[in-house]
Amino acid sequence: MKREIQEQSREIHLHGLFDFGQDAYGTLEVELTGNYSGNVEVVIGEVARDGCIVHRPGFTTFLQRIFALRNGRHCYRFEIPRHLPAYSGFPHCEAPPEAGGEVAPFRYVEINRYHGVAVVRRTAWFGDWDDDAGHFACDQAVLNRVWEFCRYSLKATSLFDRYVDGERERMPYEGDAYITQLGHFCCNAQYRTARDTIEHFMTGSGRITWLTEWLLLTPLLVRDYLLYSGDRQSVERWLPGLDAKLLPELLDDDGLLSPAAFADRRESGFVRNREGRVLAAPVRDLIDWPETERDHYELGETNFVPNACLYLALLAMHELTGQNSYRERAMALRRAIRSRLLREGLFVDSTGSRHTALHTAMFALYAGLTDAGEVPAHRELLFSRGMACSVFGAQFLLETCYRRRWSAYALQRMTDDGERSWLNMLREGSTITMESWGDRWKPNQDWNHPWGAAPANIVIRQLCGIRPLAPGFTRFVIDPQPAGLQWLECRQPTPRGPIELRLDGDVLEWRAPAGTEAYYAGEVLPGGHGKQVRHLIRQAD
């Protein structure tokens, strides 16, 4: 656990607002001088307007304390009440013991009804975070700003022992963890938090997962953990439990996932009672969240997106185990999906639907469920919808574009300044990624949600093109897609040391740790300390 102590001091008369520049989980002390009897009001918060902290319905921080002044100069600790999650009964993450009490995310401190010099001292708490481990820069200032915004969002929420979904609930979810874990791996070579998060999902710990796609993302979480960390021992421990995450009891006669058809059965939970018996929890399809971010998706009994996720999960299980049976099941599922959900060259949202939402198009392309002749129609639909998805869906939209080598469009989406953009989050005043694109889309959102930080991993893994091919980065690919960028540089931390890359014009240079192999444009180039390789970059399609 690391801490950063930040202090500001100035004389105020009745009212003063202090701005620490960035939101952070922290604790607070104030030093005040009392030479009269009176009460001083101190407020901490994440949102300020017109020189005052904003108090409004929702889940951004607003905490108020009244201090009775004592004569002379004294230090007062701002007591933060114990965190209570918005929904009772869920296993939220506690504040780190090093903090000596509860923490809260805040950027601003407001002092009212006080005359004199005030010193405000915030102790911001972070996990085992190395600011120099990951790095990205390029010739486009907007992209630099977006990436740094997302990188800091991961740092600012790193203090808990597991990946959290934000302050409102402060608990792990598989969907949130999928994006947070990838971003964390691109910025730091610390794998303990990822391991403990997956352990939580695999052992239960009182956790009930009721979303189809979240369960299906678990094999992808485990696969990515293995590739980045190289920790085979933990993965071997988790493997026996991963089959249940594939929801085999919710398949229809064609092998398609149809949770709605089994709504009256309670067979799909993963929580055990005191006798060790598995208790049931209803499972339902998510598509995207909040519901307004589904691009008018037509939900039915059998939905396209969850089945695409099942297809990806089966392929991940094949990668993890090497068992051909998982690949055979994936190919059978692909045939069933195409048979029942493909209409006139476009996949539809659900059986019986004639509608194709952005999510259906992007998951069809992302998962490779389209044949070559079907790609143009799905691409046209995808490009026409813009960012008609949530900050969670943005991860897969951007992944899809880079997988298909539509890098210019992906870069445009990351640097867009419209309302549905990372720049809009910054414009609204947040310094940690929000739960949605802005308060307009989710009034009960919090302003500290790392699942909104997709560019932290997309920029390194896809734009710069550094991705592991074997556990622990013993083999990795370099496949930059710079689009219109003139130059870029990045540093990817690995268990063996950093991989450094620089692209200037059409010349690519990189350094890789000893004991690694880089795969670039069909060539295998061994790594080595201080080794530098120059090569003309392969142009994006």
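The values are calculated or read from the model by the stated rules, or taken from the named source; none is laboratory data. Since the model is a prediction, treat every value here as computed from it, not as a measurement. Please note: Cβ atoms are built from the backbone with ideal geometry, for glycine as well, and neighbour counts cover all protein chains shown. Areas reflect the complete protein model, heavy atoms only, side chains present, ligands, DNA and RNA absent. Shrake-Rupley method; radii C 1.70, N 1.55, O 1.52, S 1.80 Å.
When segment 388-397 is examined, which residues are found to be within 15 Å of ALA357 (Cα to Cα), touching a residue at least 60 places away in the same chain (Cβ under 8 Å) and assigned to a helix (DSSP H, G or I)? Correct list: GLY393, ALA394.
Only one of the listed residues (THR370, THR400) is assigned to a loop (DSSP other than H, G, I, E, B) and surrounded by 18 or more Cβ atoms within 10 Å (Cβ to Cβ). That residue is THR370.
A quick yes/no check of all residues on (1) over 21 Å from THR415 (Cβ atoms); (2) modelled with pLDDT of 95 or more; (3) open to solvent by less than 10 Å² (accessible area, probe 1.4 Å):
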position: VAL477; (1), (2), (3): yes, yes, no
position: GLU489; (1), (2), (3): no, yes, no
position: VAL507; (1), (2), (3): yes, no, no
position: ALA514; (1), (2), (3): yes, no, no
position: TYR520; (1), (2), (3): yes, no, yes
position: GLU523; (1), (2), (3): yes, no, no
position: LYS531; (1), (2), (3): yes, no, no
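Of the numbered criteria (1) in contact with a Phe, Trp or Tyr (Cβ under 6 Å, 6 or more places away or on another chain); (2) farther than 30 Å from GLU319 by Cα; (3) touching a residue at least 60 places away in the same chain (Cβ under 8 Å), the one PRO468 fails is (2).
Can you find a residue in segment 186-200 that is part of a helix (DSSP H, G or I), open to solvent by 10 Å² or more (accessible area, probe 1.4 Å) and farther than 30 Å from GLY101 by Cβ? Within segment 186-200, none of the residues are part of a helix (DSSP H, G or I), open to solvent by 10 Å² or more (accessible area, probe 1.4 Å) and farther than 30 Å from GLY101 by Cβ. Can you say whether ASN448 is open to solvent by less than 10 Å² (accessible area, probe 1.4 Å) and either at pLDDT 95 or above or assigned to a loop (DSSP other than H, G, I, E, B) (or both), as far as the supplied structure shows? Criteria met by ASN448.
Screening VAL222 with (1) at pLDDT 95 or above; (2) open to solvent by 10 Å² or more (accessible area, probe 1.4 Å); (3) touching a Leu at 6+ places or on another chain (Cβ under 9 Å) gives one miss only, at (2). Working only within segment 334-353, note down all residues that are open to solvent by 10 Å² or more (accessible area, probe 1.4 Å) and either touching a residue at least 24 places away in the same chain (Cβ under 8 Å) or among the aliphatic types (A, V, I, L, M) (or both). Those that are open to solvent by 10 Å² or more (accessible area, probe 1.4 Å) and either touching a residue at least 24 places away in the same chain (Cβ under 8 Å) or among the aliphatic types (A, V, I, L, M) (or both): ARG334, ALA336, ARG338, SER339, ARG340, LEU342, GLY345, LEU346, THR351, GLY352.
Scanning segment 410-429 for residues that are of a type outside the set (Ser, Thr, Tyr), part of a helix (DSSP H, G or I) and in contact (Cβ under 8 Å) with a residue 12 or more places away in the chain yields ALA410, LEU411, ARG413, MET414, TRP422, LEU423, ASN424, MET425, LEU426. If you take the residues of segment 245-264 that are open to solvent by 40 Å² or more (accessible area, probe 1.4 Å) and hydrophobic (A, V, I, L, M, F, W, C), which of them is nearest to ARG335 (Cα to Cα)? Per the criteria, the residue is LEU251.
Evaluated against (1) touching a Gly at 6+ places or on another chain (Cβ under 8 Å); (2) open to solvent by 70 Å² or more (accessible area, probe 1.4 Å); (3) under 22 Å from HIS74 (Cβ atoms), HIS55 falls short on exactly one condition, (3).
One residue alone among GLY101, GLY89 is at pLDDT below 95 and at positive phi, and that residue is GLY89. Restricting attention to segment 451-483, the residues that are out of contact with any Leu (no Cβ under 7 Å at 6 or more places or on another chain) and part of a loop (DSSP other than H, G, I, E, B) add up to 5. Candidates are the residues of segment 403-441 that are surrounded by fewer than 24 Cβ atoms within 10 Å (Cβ to Cβ) and of a type in the set (Asp, Glu); the one that is farthest from VAL305 (Cα to Cα) is GLU428. Restricting attention to segment 124-172 and to residues that are over 14 Å from the mean Cα position of the chain (by Cα) and polar (S, T, N, Q), the residue that is nearest to ALA453 (Cα to Cα) turns out to be ASN144.
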